[in-house]
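The next block holds one structure in the form of structure tokens; read it before the comments.
The values are calculated or read from the model by the stated rules, or taken from the named source; none is laboratory data. These figures come from a predicted structure and were not determined experimentally. FYI the Cβ positions are ideal-geometry reconstructions off the backbone, even for glycines, and counts take in every protein chain you see. Remember, those area values only see protein heavy atoms, side chains included, never the ligands or the DNA or RNA. Shrake-Rupley method; radii C 1.70, N 1.55, O 1.52, S 1.80 Å.
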Amino acid sequence: MKKLILFLPDAEEDVDADLTLLGQLGVVHVAPFQPAKHESIERVDARIKQLQEAISILSRYDKTPVPDPVPIDYSVYIENERGAIEMMEKVLDSEHSRIYFEDKKQEHIRAVQWYNTWGTISLADVDELREKGVSIRLYKLDEKEYKLVSKREDIQLVGKDETTYRIALVSSDENEKLPFLEVEIPVEQYDELTDLIAITDEELDHIEGLMAALNTQKNLLEDALQERIRRFDVRNVQFGGISIDNQVRFWKGFLPVDAVDQFVETAEEHHWGYVIEEPLEEEMDEVPTLVRTSKWAERITPVMNFMGLVPGYREMDVSRVFMIFFTFFTGILVGDAGYGLVFLLVTLLVHRKQKFIKKVDFALMYTLSSSIMIWGILTGTYFGAEAIADIPVLRELKVTQLASFGGDTVFIQKLMFLIGAIHLTIGHLQTAWKFHYSVKAIAQLGWVSIIWGLYFVVSQMVLSIPAPAIMMWLFIGGAVLVAFFSKPGTSFFKGLLSSLGDLPLSIINGFSDIISYIRLYAVGLSTVLMASSFNQMAIGDGVTTLASGIGAVIILVLGHGLNMILAAMAVIVHGVRLNMLEYAGHADVEFSGNKYNPFKIKKQNLKK
């Protein structure tokens, strides 16, 4: 990455046009000097939200035919400079009117229902009786409340249903009330409601027709939205820069080395001022990381984005190793060919629904599903059912030592530790390659020796497998290399003592890291056992009746569905953890970077 200081005229029209070109170029990662604050940003942001709301409203009419669209003079919106905004306001106002009339209609319908329940007594009737000295108040009571007042002479039972008593309090004292919630009488007269409902229906039909007509010109709002998004992006960059006497404004940013010539050509053509140089040492935390990896390794991008994993600018790209081992770990953690087939079919259906769009997420899911199926076939695991694994064709595909049912558990656990040792070794070898110009690379080879010594220790302590005689020499040789070559550049004895002081704790951490890989076996085994348990619950005693058959199906579907969800969660927790913590720690990767995110404006966002 190169650091860029960019100078542009601070006149509003000039800076808008120049920053739009910069965004169209799409190579500069802008590092703002200050938070972008200006009333125009807030104003454009508010307009974006209004346009999005209006477009969302009109989108309801995309697939809903309206019999009678309202005739509209579209030229008012097409030829007018503010036509799109006026159209947006028309849509929003119409939506508010629709909501108002919908509410009024429901209010009228509730009033009709009230009259059907209480009778045709109206508010005018009550007011007339009050003038004659008779006060009427209506209540709805439950049985317990009704018993408290039922013997009063001023209480009249109007009607009742299973749980509710409708009563009227008839009194000469207009201040007389019962200690219950009074029922309000509708304002509208009963004979008015039919006409009122018809009027609201007419208004709603008119609004529906108007919306359907406006929807044919929705592209005006979409174009206006894209223009406001452009302005919003430009002004956020604009006011993140610093103005000098309202004449010149400047920004700091970063751009890839291979994009420098492209930027310089554009800058020279439009007479921009700029300085391009190497970032200072104290600016390294600001320098963004641009990761360019192999096409096949890009499949891990959704996982790394989800976890927010961005290697630092001076850290290695670990996406290839991450992809390989995450795929492998997923297969072991889920480890059921039946589940893998389900994941594969679900992915295929969703992909088909999206018309097989090329998307890295689907490529990742296809890869992980295949890994699960392969490991399930090798271990003879199909929905946790041993009987399926014993089918002759499938039995031939099974590796006996890896089998979930009757396999060699010691062999499997040793394999997990071996995977861990290989994974951590790769991390140290990558670090050695990173420092291949330095004696630090030799220290990393020392750590490789220690890792394999730890592998033999773990195998002996956990699995009671005798360690080979070479184990001690692996520790001695590795420790010597680490002690002598870990910290070059300082005084020899000071670096040696510092390395020796750090060594014991680092070895303990390495030991626990290798032990950590046993989680692959433990979690994979728990998935198989849960699947087997659900099978036993569902059909362990056989299916003898229709009811037991239905019950078995429900248990199998819910049980295996839950198990698949838990297995997927295990992949996120354990599969990511072994890459992000254990492996990354040995590869000296802290994921402390910030992603290269260039300021971009799509060409179609530009106002024509």
Out of the residues in region 1-38 meeting the condition of being assigned to a strand (DSSP E or B) and open to solvent by less than 10 Å² (accessible area, probe 1.4 Å), tell me which one is farthest from GLN262 (Cα to Cα). LEU8
Limited to region 532-585, what total is found for residues that are acidic (Asp, Glu) and in a helix (DSSP H, G or I)? 1
Within region 377-390, does at least one residue satisfy the condition of being closer than 30 Å to LEU290 by Cα, in contact (Cβ under 8 Å) with a residue 24 or more places away in the chain and touching a Lys or Arg at 6+ places or on another chain (Cβ under 6 Å)? no
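One line per residue, one yes/no per condition, for (1) farther than 24 Å from LEU204 by Cβ; (2) in a helix (DSSP H, G or I):
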{"site": "SER40", "(1), (2)": "yes, yes"}
{"site": "ALA54", "(1), (2)": "no, yes"}
{"site": "LEU58", "(1), (2)": "no, yes"}
{"site": "ASP62", "(1), (2)": "no, no"}
{"site": "ILE72", "(1), (2)": "no, no"}
{"site": "SER94", "(1), (2)": "no, yes"}
{"site": "ILE99", "(1), (2)": "no, yes"}
{"site": "GLN106", "(1), (2)": "no, yes"}
{"site": "ILE109", "(1), (2)": "no, yes"}
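Restricted to region 42-54, and to residues that are touching a residue at least 60 places away in the same chain (Cβ under 8 Å) and under 24 Å from the mean Cα position of the chain (by Cα), which residue is farthest from HIS96 (Cα to Cα)? Walk me through it before giving the result.
As a first pass, look at region 42-54 and keep what is touching a residue at least 60 places away in the same chain (Cβ under 8 Å): 44-45, 47-48, 51-52, 54.
Those left that are additionally under 24 Å from the mean Cα position of the chain (by Cα): 45, 48, 52.
Values: ASP45: 21, ILE48: 18, GLN52: 15 Å.
Step by step, filter region 42-54, then rank; the result is ASP45.
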Region 234-247 residues that are closer than 10 Å to ASP10 by Cβ, paired with ones that are open to solvent by less than 40 Å² (accessible area, probe 1.4 Å) and in a loop (DSSP other than H, G, I, E, B) (beta carbon under 8 Å, 6 or more apart): GLN238/ALA36; SER243/ASP10; ILE244/ASP10; ASN246/ASP10; GLN247/ASP10
Which members of region 514-567 meet the condition of being without any contact (Cβ under 8 Å) to a residue 12 or more places away in the chain, open to solvent by less than 40 Å² (accessible area, probe 1.4 Å) and closer than 30 Å to MET416 by Cα? GLY561
Would a scan of region 235-250 turn up a residue that is of a type in the set (Lys, Arg) and out of contact with any strand residue (DSSP E or B) (no Cβ under 6 Å at 6 or more places or on another chain)? yes
Within region 61-78, can one find any residue that is modelled with pLDDT of 90 or more, within 30 Å of ASP195 (Cβ to Cβ) and aromatic (Phe, Trp, Tyr)? no
Residues of region 292-325 satisfying the condition of being of a type in the set (Val, Ile, Thr), assigned to a helix (DSSP H, G or I) and within 15 Å of LEU581 (Cα to Cα): VAL303, VAL321
Which residues, taken from region 391-408, are touching a residue at least 12 places away in the same chain (Cβ under 8 Å) and closer than 24 Å to VAL458 by Cα? LEU402, ALA403, SER404, GLY407
Only unsatisfied item for ASP195, checking (1) in contact with a strand residue (DSSP E or B) (Cβ under 9 Å, 6 or more places away or on another chain); (2) in a helix (DSSP H, G or I), is (1)
Checked against (1) surrounded by fewer than 17 Cβ atoms within 10 Å (Cβ to Cβ); (2) in a loop (DSSP other than H, G, I, E, B); (3) among the β-branched types (Val, Ile, Thr), VAL287 satisfies every condition except (1)
Restricting attention to region 378-402, which residues are under 23 Å from GLY561 (Cα atoms) and either open to solvent by less than 60 Å² (accessible area, probe 1.4 Å) or of a type in the set (A, V, I, L, M, F, W, C) (or both)? LEU378, THR379, GLY380, THR381, TYR382, PHE383, GLY384, ALA385, ALA387, ILE388, ALA389
How about region 416-443: which of its residues are assigned to a helix (DSSP H, G or I), open to solvent by 30 Å² or more (accessible area, probe 1.4 Å) and farther than 15 Å from ASP513 by Cα? LEU429, GLN430, TRP433, LYS434, LYS440, ILE442
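Yes/no per residue for (1) free of Cβ contacts under 8 Å to residues at least 24 places away in the same chain; (2) crowded, with 21+ Cβ neighbours inside 10 Å:
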position	(1), (2)
THR301	no, no
MET304	yes, yes
ARG314	no, no
VAL318	no, yes
PHE322	no, yes
PHE328	no, no
LEU344	no, no
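Determine whether PHE232 is in a helix (DSSP H, G or I) and of a type in the set (Phe, Trp, Tyr). It would help to see each step written out before you state the result.
On the way: in a helix (DSSP H, G or I): yes; of a type in the set (Phe, Trp, Tyr): yes.
Judged against the criteria, PHE232 is a match.
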Please work out if HIS108 is more than 23 Å from LYS160 (Cβ to Cβ) and either of a type in the set (Phe, Trp, Tyr) or surrounded by 17 or more Cβ atoms within 10 Å (Cβ to Cβ) (or both). yes
